[in-house]
Amino acid sequence: MSTTAIIMMVLFIVIIWGGLVYSTLALRRSPDEKVGLFGASPYATDTVLIEQEFERPSNV
């Protein structure tokens, strides 16, 4: 393997793993339950959403 190929391989490994580490740390700082369109809305809890799913008529 040439020197250029090794440098490119190391560069892209750092980019991929660095992105994974960065996204993991960002998710730990602001979890999905606290951000986004619904945020901490009382209508966006698991219980309410599951109840709405079972109450919806099926199209079978």
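Quick note: the coordinates plus some simple rules give every number you see, no bench work behind them. Here the structure is a predicted model, which means the values were calculated and not measured. Heads up, the Cβs are rebuilt from the backbone with ideal geometry, glycines too, and the neighbour counts pull from every protein chain shown.
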> Which ordering of MET9, MET1 is given by a fewest-first count of other beta-carbon atoms within 10 Å?
Replying inline: MET1, MET9
>> I'd like the Karplus ³J(HN,Hα) series for the stretch 26-31: coefficients 6.51, -1.76, 1.60, θ = phi - 60°, whole numbers in Hz, and an x wherever there's a Gly or Pro.
In response: 5, 5, 5, 6, 9, x
>> For the pair SER2/LEU25, report the inter-label distance in nm, with labels modelled 7 Å from Cα in the Cβ direction.
In response: 3.5 nm
> Taking θ as phi - 60°, what are the ³J(HN,Hα) couplings along the stretch 5-15 by the Karplus curve (6.51, -1.76, 1.60), each to the nearest whole Hz, with x for Gly and Pro?
Replying inline: 5, 5, 4, 5, 4, 5, 4, 6, 5, 5, 5
>> Within the stretch 11-33, name every residue whose backbone N is under 14 Å away from a label modeled 7 Å from Cα of ASP46 along the Cβ vector.
In response: 32-33
